[in-house]
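The values are calculated or read from the model by the stated rules, or taken from the named source; none is laboratory data. Being a predicted model, the structure only gives us computed values, none of them experimental. Backbone-built Cβ (ideal geometry, glycine too); neighbour counts: all protein chains shown. In case anyone asks, the SASA skips ligands and DNA or RNA and just uses the protein heavy atoms, side chains included. Shrake-Rupley method; radii C 1.70, N 1.55, O 1.52, S 1.80 Å.
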Amino acid sequence: MPDHRRRFLRRALALGLVARIGLEAGPAQAAEAEIRNVALTQGDEQYVLSADIVAELTPLLADVVSRGVALYFVTEFELSASRWYWLDEEISTRTLTYRLSYQSLTRQFRLTTGALHQNFGSLDEALRTMLRIRNWGVAERNALRVGRSYNAALRFRLDVGELPKPLQVSAFGRKDWNLSSDWYRWTFVAAARESR
């Protein structure tokens with residue numbers, strides 16, 4: 001099949017999905033996420049972050065992913081040090097991206113991050129795994145000075161920019177497409193490494 005015909009068919013399918021979702025969508029339901037149980041600890045070679053994110057997909061987002069459209073979720077971490085004479089010093093910025101998709105042949109949900117992927121029998125199982133962050137390396141150990149205070153920030157969001165173009169237009173300004181948390185901010189003091 002020629003490339004231009006394949007692109008046309010893909011575009012037509014995406015537009016059909018947008019039209020169907022628009023017709024089936026009921027009242028817009030806001031989707032919000034909340035970050036809890038954050039812990040930044042010192043590992044062997046780097047500082048690692050653990051956190052729980054409380055979030056649910058709106059019926060619209062659950063329907064979209066069940067129809068085969070991949071959703072991308074991003075967890076962002078920032079670590080900086082205050083300076084009275086200038087802008088804050090940026091110590092570390094990390095991003096963790098998950099791709100959530102549905103495999104119709106196997107009837108399983110797939111969660112992918114980097115080159116790693118895992119299959120799940122239900123959407124709830126995939127979400128539970130994605131929303132439970134454990135031992136995520138966010139800063140090199142030698143980048144922080146013992147006893148110094150740092151400003152840490154963490155947030156979670158759906159990356160609407162990764163949706164197919166017709167769905168990006170449909171998502172613009174609609175609450176039921178906006179799954180995100182506010183920035184969770186805290187102060188962290190680097191402690192001396194415990195001797196073993």
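Quick check, is S80 under 24 Å from L167 (Cβ atoms), open to solvent by less than 50 Å² (accessible area, probe 1.4 Å) and of a type outside the set (A, V, I, L, M, F, W, C)? Before the answer, list the steps.
Numbers: under 24 Å from L167 (Cβ atoms): no; open to solvent by less than 50 Å² (accessible area, probe 1.4 Å): yes; of a type outside the set (A, V, I, L, M, F, W, C): yes.
So S80 fails the test.
Within region 104-126, residues that are free of Cβ contacts under 8 Å to residues at least 60 places away in the same chain have Cβ atoms under 9 Å from residues that are small (G, A, S) and in a strand (DSSP E or B) in these pairs: F109/S101; R110/S101; L111/S101; T112/S101, counting only partners at least 6 apart in sequence or on another chain.
Restricting region 97-127 to residues that are charged (D, E, K, R) and within 20 Å of the chain's Cα centre (by Cα), the residue that is most open to solvent (accessible area, probe 1.4 Å) is D124.
Go over the candidates S66, S92, S80, S104 one by one and state the one that is touching a Gly at 6+ places or on another chain (Cβ under 8 Å) and small (G, A, S).
S104
Among the residues of region 169-196, which ones are among the polar types (S, T, N, Q), modelled with pLDDT under 75 and either open to solvent by less than 90 Å² (accessible area, probe 1.4 Å) or touching a Gly at 6+ places or on another chain (Cβ under 6 Å) (or both)? Show your work before the answer.
Initially, region 169-196 is screened for residues among the polar types (S, T, N, Q), giving 170, 178, 180-181, 187, 195.
With modelled with pLDDT under 75 added as a condition, the list becomes 170, 195.
Once the filter is applied, which keeps residues that are among the polar types (S, T, N, Q), modelled with pLDDT under 75 and either open to solvent by less than 90 Å² (accessible area, probe 1.4 Å) or touching a Gly at 6+ places or on another chain (Cβ under 6 Å) (or both), region 169-196 yields only S170.
Return the only residue of R134, R94, R141, R155 being touching a residue at least 12 places away in the same chain (Cβ under 8 Å), surrounded by 16 or more Cβ atoms within 10 Å (Cβ to Cβ) and of a type in the set (K, R).
Details: R134 fails: surrounded by 16 or more Cβ atoms within 10 Å (Cβ to Cβ); R94 fails: surrounded by 16 or more Cβ atoms within 10 Å (Cβ to Cβ); R141 fails: surrounded by 16 or more Cβ atoms within 10 Å (Cβ to Cβ).
Result of the check over R134, R94, R141, R155: R155.
Within region 35-77, the set of residues being among the β-branched types (V, I, T) and open to solvent by 30 Å² or more (accessible area, probe 1.4 Å) comprises V38, T41, V54. Here Y85 meets the list (1) open to solvent by 40 Å² or more (accessible area, probe 1.4 Å); (2) within 30 Å of N151 (Cα to Cα); (3) within 20 Å of the chain's Cα centre (by Cα) almost entirely, failing just condition (3).
Please determine whether any residue of region 23-32 is at pLDDT 90 or above and among the acidic types (D, E). No: zero hits.
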